[in-house]
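Asks: One structure, as structure tokens, below. Some questions next.
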Amino acid sequence: MASAQPPYIVFGSPYIGQEEVDAVIATMRSGWMGTGPRTNEFETKFAKYVGAKYAVAVNSCTAALHVSMLASGVGAGDEVITTPLTFAATANVIVHAGATPVFADINRETQSIDPAEIRRKITKKTKAIIAVHLLGRPVDLDAIHAIAREHNLLVIEDAAHAIETSYHGKKVGSISPLTCFSFYVTKNMTSVEGGMITTNDEKLAGLMRTYSLHGLSRDAWSRFSDKGYKHYEVVLPGFKYNMTDLQASIGLCQLERVPGWLKVRDVLWERYNKAFADLPVFAPAKDEPNTVHARHLYTPLLDIDNMTIGRDEVMGELHKRGIGSGVHYRALHLHEYYRKTWGYEPDDFPNARWVSDRTLSLPFSAKLSEEEIVRIIDTFRDVVGGARRKGSAGKPATTAARS
Ligand SMILES: *Cc1c(COP(=O)(O)O)cnc(C)c1O
């Protein structure tokens, strides 16, 4: 009799505890589910957590990035530089703001945007840089800020992977003028959908609040509160990007869990590194000194030149054996829209393409059970180890082999 296949391990499935369930029910029963006191509390606690003066809650990181563009005055005729190895939203918002997305290639080792490549892409029209902390590893902010100062550019951080990230002793969210976080279901903490922008600039914070709620003046969410009805003024054509108290009530519970979860993923990171050391994969880059890596994604790069199958076949095989995986990311310049509309060619960013062809994300959540971790390790070892090309060297993972 064939034994039943154990349950499928879904990639990026979030942990939701009884506290989250209770908080949602309490908020529903409170009579106030829209933007209100819970959202306020989430903003205050999140600002404190990252060490920023202000935090503005919105309904996604995409919204956060969009209003960041608008509040910093990015618009038609401007160019914004970012990495091609990121989620589509990072570059899409540049287009939403009416500006031109300009990609700069990555460093193969860190997988983050290469400051030297940023320099090569600066023109008279360059207005801002969106710096992405890919996988939770901090991007080289010192170099990027130096370039920004020299050319009078704005730095906006896409910290969707970087809730726990610190750079040279400072928490991400407290460093650049604007930092955008995501609470999408697969991120290190979730509010189902949600985002946050942190800043130390009071004027920017106010402007982003206005942009994220129809362009209404003052605290328009409180216009129906027990303090009586207040008129509002529409001061600009804003968007409908506000977070709800239902979402904030989940976010508040999850924020408490963030430090403990990071410790669990730190241990799993080392365990995966050890377990895959003899496979034809490039291990994740070593941590930068004096930084905290948020350990958002564990992404071994397959040494496909020494394997009999490609990345997509490896993912297909893992899927057949009950293990979900992801790709972070297929580089944006390879996608139809960016090729057709902005004229990018596959060879424009060789490093981003190199990583894009080889990267794969394994389930990497603090929620995984010991049994599940063992299954992931054994299955990945079996699939990738079994696909090693005969006669190829056992161990490709040197920096020299990457560049
Ligand atoms: C998830 C993600 C976003 C978008 O976040 P949403 O909250 O889903 O809008 C933006 N940038 C990066 C790098 C992401 O991973």
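The values are calculated or read from the model by the stated rules, or taken from the named source; none is laboratory data. Fair warning: this is a prediction, and the values are worked out from it, not measured in the lab. We place every Cβ from the backbone using ideal geometry, glycine too, and count neighbours over all the protein chains shown.
Asks: Considering only residues that are assigned to a strand (DSSP E or B) and of a type outside the set (Phe, Trp, Tyr), look in segment 285-303 and name the one that is surrounded by the fewest Cβ atoms within 10 Å (Cβ to Cβ).
Replies: Checked segment 285-303; the qualifying residue surrounded by the fewest Cβ atoms within 10 Å (Cβ to Cβ) is THR291.
Asks: Out of everything in segment 27-70 that is small (Gly, Ala, Ser) and assigned to a helix (DSSP H, G or I), what residue ends up being farthest from the ligand (Cβ to nearest atom)? Even if it seems obvious, please write down each step before you answer.
Replies: Quick first cut of segment 27-70, residues small (Gly, Ala, Ser) only: 30-31, 34, 36, 47, 51-52, 55, 57, 60, 63-64, 68.
Now drop any that are not assigned to a helix (DSSP H, G or I), which leaves 47, 63-64, 68.
Numbers: ALA47: 18, ALA63: 7, ALA64: 7, SER68: 12 Å.
That would be ALA47.
Asks: From PHE46, PHE11, grab the single residue that is of a type in the set (Phe, Trp, Tyr), outside the structural domain of VAL327 (by TED's automatic domain parsing) and touching a Pro at 6+ places or on another chain (Cβ under 9 Å).
Replies: On the way: PHE46 fails: touching a Pro at 6+ places or on another chain (Cβ under 9 Å).
Result of the check over PHE46, PHE11: PHE11.
Asks: Given the criteria under 28 Å from PRO177 (Cα atoms), surrounded by 14 or more Cβ atoms within 10 Å (Cβ to Cβ), of a type in the set (Phe, Trp, Tyr) and touching a residue at least 12 places away in the same chain (Cβ under 8 Å), does TYR211 qualify?
Replies: The answer is yes for TYR211.
Asks: Tell me yes or no: at least one residue of segment 21-39 is out of contact with any Ser or Thr (no Cβ under 8 Å at 6 or more places or on another chain) and among the basic types (Lys, Arg).
Replies: Scanning segment 21-39 turns up at least one residue that is out of contact with any Ser or Thr (no Cβ under 8 Å at 6 or more places or on another chain) and among the basic types (Lys, Arg).
Asks: Let me confirm something: among ALA57, ALA91, which residue is of a type in the set (A, V, I, L, M) and over 21 Å from LYS171 (Cβ atoms)? Walk me through how you get there before you give the answer.
Replies: Numbers: ALA57 fails: over 21 Å from LYS171 (Cβ atoms).
The match here is ALA91.
Asks: Evaluate segment 188-206: report whether one residue or more is more than 26 Å from LYS48 (Cβ to Cβ), at pLDDT 95 or above and in contact with a strand residue (DSSP E or B) (Cβ under 8 Å, 6 or more places away or on another chain). Walk me through it before giving the result.
Replies: Just the residues of segment 188-206 that are more than 26 Å from LYS48 (Cβ to Cβ), to begin with: none.
No, segment 188-206 contains no residue that is more than 26 Å from LYS48 (Cβ to Cβ), at pLDDT 95 or above and in contact with a strand residue (DSSP E or B) (Cβ under 8 Å, 6 or more places away or on another chain).
Asks: On to the next question. Exactly one of (1) away from the ligand (no atom under 14 Å from the Cβ); (2) farther than 19 Å from THR190 by Cα; (3) small (Gly, Ala, Ser) is unmet by ALA91. Its number?
Replies: Of (1) away from the ligand (no atom under 14 Å from the Cβ); (2) farther than 19 Å from THR190 by Cα; (3) small (Gly, Ala, Ser), only one is false for ALA91: (1).
Asks: Out of everything in segment 363-397 that is of a type in the set (D, E, K, R) and not in a helix (DSSP H, G or I), what residue ends up being modelled with the lowest pLDDT?
Replies: Among residues in segment 363-397 that are of a type in the set (D, E, K, R) and not in a helix (DSSP H, G or I), the one modelled with the lowest pLDDT is LYS395.
Asks: Could you tell me which of the residues VAL80, VAL24 is among the β-branched types (Val, Ile, Thr), assigned by TED's automatic domain parsing to the domain that holds HIS214 and either surrounded by fewer than 21 Cβ atoms within 10 Å (Cβ to Cβ) or part of a loop (DSSP other than H, G, I, E, B) (or both)?
Replies: On the way: VAL80 fails: either surrounded by fewer than 21 Cβ atoms within 10 Å (Cβ to Cβ) or part of a loop (DSSP other than H, G, I, E, B) (or both).
From the options VAL80, VAL24, the qualifying one is VAL24.
Asks: Given the residues GLU109, GLU20, GLU79, GLU43, which is the only one that is under 21 Å from LEU213 (Cα atoms) and out of contact with any Asp or Glu (no Cβ under 7 Å at 6 or more places or on another chain)?
Replies: It is GLU43.
Asks: Another one. Would a scan of segment 66-73 turn up a residue that is touching a Gly at 6+ places or on another chain (Cβ under 6 Å) and hydrophobic (A, V, I, L, M, F, W, C)? Walk me through it before giving the result.
Replies: Residues of segment 66-73 that are touching a Gly at 6+ places or on another chain (Cβ under 6 Å), as a first pass: none.
Checked segment 66-73: no residue is touching a Gly at 6+ places or on another chain (Cβ under 6 Å) and hydrophobic (A, V, I, L, M, F, W, C).
Asks: If you don't mind, another one. Only one of HIS151, HIS161, HIS66 is surrounded by fewer than 23 Cβ atoms within 10 Å (Cβ to Cβ) and either touching a Leu at 6+ places or on another chain (Cβ under 7 Å) or at pLDDT 95 or above (or both); which?
Replies: Sole residue among the options that is surrounded by fewer than 23 Cβ atoms within 10 Å (Cβ to Cβ) and either touching a Leu at 6+ places or on another chain (Cβ under 7 Å) or at pLDDT 95 or above (or both): HIS151.
Asks: Oh, and also: Considering only residues that are free of Cβ contacts under 8 Å to residues at least 60 places away in the same chain and within 22 Å of the chain's Cα centre (by Cα), look in segment 274-300 and name the one that is nearest to VAL172 (Cα to Cα).
Replies: PRO289
Asks: A further question on this structure: Quick check on my filter: what residues within segment 108-133 are within 28 Å of GLY77 (Cβ to Cβ), in a loop (DSSP other than H, G, I, E, B) and within 16 Å of the ligand (Cβ to nearest atom)?
Replies: Matches in segment 108-133: SER112 only.
Asks: Considering only residues of segment 280-339 that are touching a helix residue (DSSP H, G or I) at 6+ places or on another chain (Cβ under 9 Å) and of a type in the set (S, T, N, Q), which is farthest from ILE163 (Cα to Cα)?
Replies: THR308
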